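Engineer: What follows is a single structure, and I will ask about it in a moment.
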Amino acid sequence: MFDYFFAQYKGYPIHEVYLELIAVFFGLWSVWCAKKDHIWVFPTGLISTFIYAYLLWQWSLLGDSMINVYYFIMSIYGWYHWTRKKGEVDEFPISVVTNKEKIIGMFIFVATLVFVVMVYLYFNKFTTWYSYVDTLLTGLFFVGMWLMAKRKIENWIFWIVGDLISVPLYFAKGYTFTSFQYLVFTIIAVYGYLEWKKIFNSSQNLELRQL
């Protein structure tokens, strides 16, 4: 059983295995902080995404590496966005997407797909079935990260779908630790969606009582 899950690590440089474990640790911590609507989601996420961007580039997984570079940039934006306040009140609390944001999200998804396909074609990376799945995941995660940075409840839906796809995908690629991480991500994302929805409903009820 142990060999089935971890035999692929025998040929890996030991420092890459340690780096993957560190990235998994900070990735899980970041998602847990996101679930709790805590600002530490971003500094912990910066560490995880920085390491993964490096590792995935080393492993020639260009789409995955680009996802993490984007995560890194959006984490900086989200950190700034979440800390903005009007007095003692968050300027951008948890909310639902507007019609305008739905259109922007759709544009981000399509534009990301087109861009990643062009990159994969240029580097001739469409050599396995999971290269095609990578393009879909990149689009899903780009939209999910953008929505999370804007503190939109719907970000969790994109994470849940993307995480579920990533579990077997990363296992097939040979990255067992990362596959397990996405399994935990999926569970946390479900609870994150429920918790954010509860926070949003409570704030809506409070606003109604104040009218």
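Engineer: Just name the residue that is surrounded by the fewest Cβ atoms within 10 Å (Cβ to Cβ) out of those in the stretch 155-193 that are of a type in the set (Gly, Ala, Ser), assigned to a helix (DSSP H, G or I) and out of contact with any Gly (no Cβ under 8 Å at 6 or more places or on another chain).
Structural biologist: Looking at the filtered set, the residue picked out is Ala172.
Engineer: Out of Ile51, Ile76, I need the residue that is of a type in the set (A, V, I, L, M), in contact (Cβ under 8 Å) with a residue 12 or more places away in the chain, more than 17 Å from Gly139 (Cα to Cα) and surrounded by fewer than 16 Cβ atoms within 10 Å (Cβ to Cβ). Which one?
Structural biologist: Every option except Ile76 fails the conditions.
Engineer: Could you tell me which of the residues Lys10, Lys35 is at pLDDT below 95 and more than 28 Å from Phe126 (Cα to Cα)?
Structural biologist: Lys35
Engineer: Continuing with this model, one more query. Filter the stretch 181-204 for residues that are of a type outside the set (D, E, K, R) and free of Cβ contacts under 8 Å to residues at least 12 places away in the same chain; which is nearest to Thr138 (Cα to Cα)?
Structural biologist: Checking each candidate, the answer is Ile187.
Engineer: Something else: Give the stretch 112-126 a look and list any residue that's in a helix (DSSP H, G or I) and either among the hydrophobic types (A, V, I, L, M, F, W, C) or touching a helix residue (DSSP H, G or I) at 6+ places or on another chain (Cβ under 9 Å) (or both), or say none.
Structural biologist: Within the stretch 112-126, Thr112, Leu113, Val114, Phe115, Val116, Val117, Met118, Val119, Tyr120, Leu121 qualify.
Engineer: Shifting gears a bit: For residues that are without any contact (Cβ under 8 Å) to a residue 12 or more places away in the chain and either part of a helix (DSSP H, G or I) or among the hydrophobic types (A, V, I, L, M, F, W, C) (or both), scanning just the stretch 127-154, find the one that is farthest from Gly78 (Cα to Cα).
Structural biologist: Ranking the qualifying residues of the stretch 127-154, first place goes to Trp129.
Engineer: A further question follows. Show the residue pairs that are 6+ apart or on different chains and have beta-carbon atoms under 7 Å apart, the first residue being within the stretch 96-116 and under 19 Å from Ser131 (Cβ atoms), the second being assigned to a helix (DSSP H, G or I) and hydroxyl-bearing (Ser, Thr, Tyr).
Structural biologist: Thr112/Thr138; Leu113/Thr135; Val116/Thr135; Val116/Thr138
The values are calculated or read from the model by the stated rules, or taken from the named source; none is laboratory data. Computed from a prediction, not measured in an experiment: that's the story for all the values here. Positions of Cβ are backbone-derived with ideal geometry, glycine not excepted, and every protein chain shown enters the neighbour counts.
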